[in-house]
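All of the numbers you see were taken from the coordinates with simple rules; none came from a lab. Note that the structure is a prediction, hence the values are computed from the model and not measured. Cβ placement follows ideal geometry from the backbone for every residue including glycine, while neighbour counts extend to all protein chains displayed.
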Amino acid sequence: MPNYYLISLLLIVLAIAAFAMAFERRKPQARDLVIVAVLVAIAVASRAAFFMVPQVKPMIAIIIIAGVSLGAQSGFLVGALAGFLSNFIFGQGPWTPWQMFALGIIGFLAGILFRRSPLKTKRLPVCIFGGFSTLVLYGLIVDTSSAMMFTPRLSKEVLLTTYLAGLPFNAIHAVSTMIFLLILAKPMIEKLSRVKKKYGLVES
């Protein structure tokens, strides 16, 4: 593997570590960690439950809901941990940090865009963000990692071929994320809001 491949992988790992440290500096209490752990468990279970249906996974929907409800840092943590832990079922490898970063960034952006916005209770904006982030952010990051892992040298032709080959799968994944958000977003966000209010969870 060329040195720049290794460097890019190290940068991804360092970015994940930086987000984890930022969350730790908030000095979360046990009840904050419990709700994050529960959402991670739900995300992992949701991916495992649909293992027989390629690309149809509720996991990104759950991660987006976590970011919208708990904030950007918690959204990143739920996404990164869900990606790492679910790969004990689906297979660990050099692609795992890329998946962790992609899922974490989606949760982080969901928190940035919707955490304090009245749009978080509206299904359509959240669903559009879910479809776009799955197709573009997750799809491009993971497809780029695939190109880097399976070709000795990157080129525009290799990247274009990889992106075009992955487009149908990413499109199915994006549509399924939108459908799951349409079903799950409003009830889960409302429930998490009540839990936060009752137990005084830390804002991020």
Checklist entry - Using Cα atoms only, what is the angle between the long axis of helix 59-70 and the major principal axis of the chain, expressed in degrees (0 to 90) to the nearest 10? => result 40 degrees
Checklist outcome for this item: For Phe180, the net charge from surrounding residues (Cβ-Cβ under 15 Å; K, R +1; D, E -1) works out to +4
Checklist entry - What's the angle, to the nearest 10 degrees (0 to 90), between helix 30-49's Cα axis and the longest principal axis of the chain? => result 50 degrees
Checklist entry - What number, in percent, do you get for the relative contact order of the chain if the mean sequence gap of Cα pairs under 8 Å and at least 6 apart is divided by its residue count? => result 26 percent
Checklist entry - Within the P(r) computed for segment 127-204, what percentage of the Cα pairs occupies the region above 14 Å? => result 69 percent
Checklist entry - Residue by residue, what Karplus-based ³J(HN,Hα) values in Hz, rounded to whole numbers, does segment 73-80 have, using 6.51, -1.76 and 1.60 with θ = phi - 60° and x for Gly and Pro? => result 5, 5, x, 4, 5, 4, x, 5
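Given C-alpha coordinates of the chain, what is the ratio Rg to Rh with the Kirkwood estimate of Rh?
0.98
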Item to check | Rounded tilt (10° steps) of 123-132 against the dominant C-alpha axis of the chain | outcome: 20 degrees
Item to check | Dipole magnitude (debye, nearest 20) for segment 3-199, charges at Cβ of Lys, Arg, Asp, Glu | outcome: 960 debye
Item to check | Straight-distance crosslink candidates among lysines, where the alpha carbon sits under 21 Å from Lys122 and sequence neighbours closer than 8 are dropped | outcome: Lys186, Lys191, Lys196, Lys197
